[in-house]
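Taking it in order: structure first as structure tokens, then the write-up.
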Amino acid sequence: MLEKDVEPCCDWFKEQPNRHPRLRPYQIEANNAVEDAICAGKRRMMLAMATGTGKTYTIVSQIYRLMESGLAKRILFLVDRRALAAQAVQAFATFEAKLGMKFDQIYEVYSQRFKREDLGEDDKFDFKVLPAKYLTNSQPGHAFVYVCTIQRMRVNLFGWQNAFESADQDVDDESDASRLDIPIHAFDVIIADECHRGYTAQEISKWREVLEHFDAIRIGLTATPAAHTMAYFNDIVYRYEYERAMREGYLVDWDAVSIKSDVRINGIFLHEGETVGLIDTETGLESLDTLEDEREFDTTEIERKVTSPDSNSKIIHEIAKYAQEHEEQYGRFPKTLIFAANDLPHTSHCDTLVDICRDVFGRGDAFVQKITGSPTVDRPLQKIREFRNRPTPGIVVTRDMLTTGVDIPALEYLVFLRPVKSRILWEQMIGRGTRRCEEINKTHFTVFDCFNGGLFEYFKDVTVFEPAAPLKATRSYAEIIEDIYQNKDRRYNVRVLVKRLQRIEKELSGKAREQFERFIPGGELRSFARELSQRIEDDFVTVMNILRDPAFQDLLVNYPRPKRGFVVASVRDRGRGVFCVDAQGSRRWLLEARGLFSCIFSLCQGESRAY
């Protein structure tokens, strides 16, 4: 790679500007920033893009342009989960690089070997395993993309004695990997997806050694830049922050709910003479005993050395109340992801929560599932796809497997029942809920802090995520707008107003848009919200005249909502659900609500049919 003349490639970038019709403006900006950095001679760089803004789609476009320009022909795409590897390969298969031609129809795309249980029952996608000679005997004529986990590549380079070991991560089974003699020139460009990985000094060192082995341009992708990743990649050549993405309508905002649980905040104190259950961690057998002395367990020991089933049950019952309210308001059960403290044999917090959720929600075992890297979980990647694409499961309990990169747009509830001390991990976990989901008209997501708000307090000054005003707001629109007018904490209040306007926009009926047109051109509330901050700076008087108009403020509260229809079908598709087909022929899974499969749709969309 060092000998390559990049000047003709840079000329190609200038002569072939990126005008891909499916890319968003900021994704094209990111591609341009990478190309400018390469042409400036940089060989390490990082893209920092908020979770849910399409980092993978952006980098697939970038890889295509790098290969087309001739700058790179052999690309290594590293991820830190096998689920993300499968997801990335499919992204290449669906990206339309040229009119009518997908990426993998133009260039070869290979992956590591997957197991049958890694794939779904109906998954007919043909994953092409990279021939070993492409790694050990790389030829200049080869042009391909290889997607694999960084854990597997480390075994390929350094053997099993130097493999990743982490107490903080569920580990994928890479037992079929072996050491290979891979030369330093095997790849021209390395993409390190989720490059924030590494929570200990040892992990960071091992992660870097994989990248350092190759003579290649290195591009890191992350939503959560950390000191060690910025130090390694030298430059963040492009940023697209959560706040901007939310303001521009590409991500949704969130509500914060604190669940009081003194046992989790203050620990557990057991008194002398109490009867307790003792579990043999090797056999799982439980016996009763009387405590001989007093003993206190702090929060770090909860669910590891001691558990309180009553506390877990009370928390889940409280979550159930919120879920019922959500279902009554929106006509659908909120897809829920619960983060548990551990998945240890015989004392698994995950298993405890699964059992409690099945009892509390009463919708059958299939409705609540555990997805971890534990051998007790069959086909975890298949379960992730079912969680993403089907109405069941509605609740998933995990530890780490779904903390990073997994795309589940319909997710609306995130429940924290495990302590988190890492800002990077906290932002990654919250990022699971930020994606838009047009199929369910998702307006926001909700984060439940089951440590009495302790997590929100712990991260409040160091995170990009600031809780939005609650749905049942205590401040009126008039009060917020007046504070903006009087310049009382204006930046904060503009941000609050923008978030509320974004939510309203997602629920507007055609009649409501017509009424907003009296105040906003075309009734385009999304554009108005997106540009509000800048317009207040540029034309304060005009904007405030709109916002302070009593008729406009009344419309913000009493705008006509779309009427909702309800379709119940008795025919199920192979026992997994039924489909709803709208007037445009769009086929969607029916959402399960109170034991019925139902489809919620706006009457203005026309008649729907169930199959």
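The values are calculated or read from the model by the stated rules, or taken from the named source; none is laboratory data. All figures in this text were calculated on a predicted structure; none of them were measured in a lab. Neighbour counts run over all protein chains shown; Cβ positions are idealised from the backbone, glycine included. Heavy atoms of the whole protein, side chains included, go into the accessibility calculation; ligands, DNA and RNA do not. Shrake-Rupley method; radii C 1.70, N 1.55, O 1.52, S 1.80 Å.
Selection over segment 333-353 of residues that are open to solvent by less than 10 Å² (accessible area, probe 1.4 Å) and either in contact (Cβ under 8 Å) with a residue 40 or more places away in the chain or touching a strand residue (DSSP E or B) at 6+ places or on another chain (Cβ under 6 Å) (or both) gives a count of 9. Among residues that are at positive phi, at pLDDT 85 or above and out of contact with any Pro (no Cβ under 7 Å at 6 or more places or on another chain), Gly198 is not included. Inside segment 5-47, can you point out the residues that are surrounded by 12 or more Cβ atoms within 10 Å (Cβ to Cβ), outside any helix (DSSP H, G or I) and in contact with an Asp or Glu (Cβ under 8 Å, 6 or more places away or on another chain)? Within segment 5-47, Lys42, Arg44, Met45, Met46 qualify. Within segment 14-25, residues that are free of Cβ contacts under 8 Å to residues at least 12 places away in the same chain have Cβ atoms under 6 Å from residues that are loosely packed, with under 10 Cβ neighbours inside 10 Å and part of a helix (DSSP H, G or I) in no pair, counting only partners at least 6 apart in sequence or on another chain. Looking only at segment 506-524, decide whether some residue is in a helix (DSSP H, G or I) and closer than 18 Å to Tyr242 by Cβ. No, there is no match, as no residue in segment 506-524 is in a helix (DSSP H, G or I) and closer than 18 Å to Tyr242 by Cβ. Note on segment 242-258: among residues that are assigned to a strand (DSSP E or B) and of a type in the set (Asp, Glu), the one that is surrounded by the fewest Cβ atoms within 10 Å (Cβ to Cβ) is Asp255. The set of residues from segment 217-241 being open to solvent by 10 Å² or more (accessible area, probe 1.4 Å) and modelled with pLDDT of 90 or more comprises Arg218, Ile236, Val237, Tyr238, Arg239, Glu241. Quick one: would you say Asp359 is more than 26 Å from Cys437 (Cα to Cα), modelled with pLDDT of 80 or more, open to solvent by 40 Å² or more (accessible area, probe 1.4 Å) and not in a loop (DSSP other than H, G, I, E, B)? Considered against the rule, which asks whether it is more than 26 Å from Cys437 (Cα to Cα), modelled with pLDDT of 80 or more, open to solvent by 40 Å² or more (accessible area, probe 1.4 Å) and not in a loop (DSSP other than H, G, I, E, B), Asp359 comes out as yes.
For segment 531-561, residues that are open to solvent by less than 80 Å² (accessible area, probe 1.4 Å) and part of a helix (DSSP H, G or I) total 16.
Scanning segment 58-97 for residues that are without any contact (Cβ under 8 Å) to a residue 60 or more places away in the chain and within 18 Å of Thr149 (Cα to Cα) returns Val60, Val89, Gln90, Ala91, Phe92. Scanning segment 386-406 for residues that are polar (S, T, N, Q), open to solvent by less than 40 Å² (accessible area, probe 1.4 Å) and at pLDDT 85 or above gives Thr392, Thr398. Candidates in segment 362-385 are the residues that are open to solvent by 60 Å² or more (accessible area, probe 1.4 Å) and under 16 Å from Cys350 (Cβ atoms); of these, the one that is modelled with the highest pLDDT is Asp365. Being in contact with a Lys or Arg (Cβ under 9 Å, 6 or more places away or on another chain), modelled with pLDDT under 85, within 23 Å of Glu327 (Cα to Cα) and in a loop (DSSP other than H, G, I, E, B), is that true of even one residue in segment 570-577? The answer is yes; a qualifying residue exists. Answer yes or no: is there a residue in segment 325-339 that is within 22 Å of the chain's Cα centre (by Cα), in a strand (DSSP E or B) and farther than 20 Å from Val252 by Cα. Checking segment 325-339: at least one residue is within 22 Å of the chain's Cα centre (by Cα), in a strand (DSSP E or B) and farther than 20 Å from Val252 by Cα. A single entry from Pro409, Pro419 fulfils the requirement of being open to solvent by 20 Å² or more (accessible area, probe 1.4 Å) and either in contact with a helix residue (DSSP H, G or I) (Cβ under 7 Å, 6 or more places away or on another chain) or acidic (Asp, Glu) (or both): Pro419.
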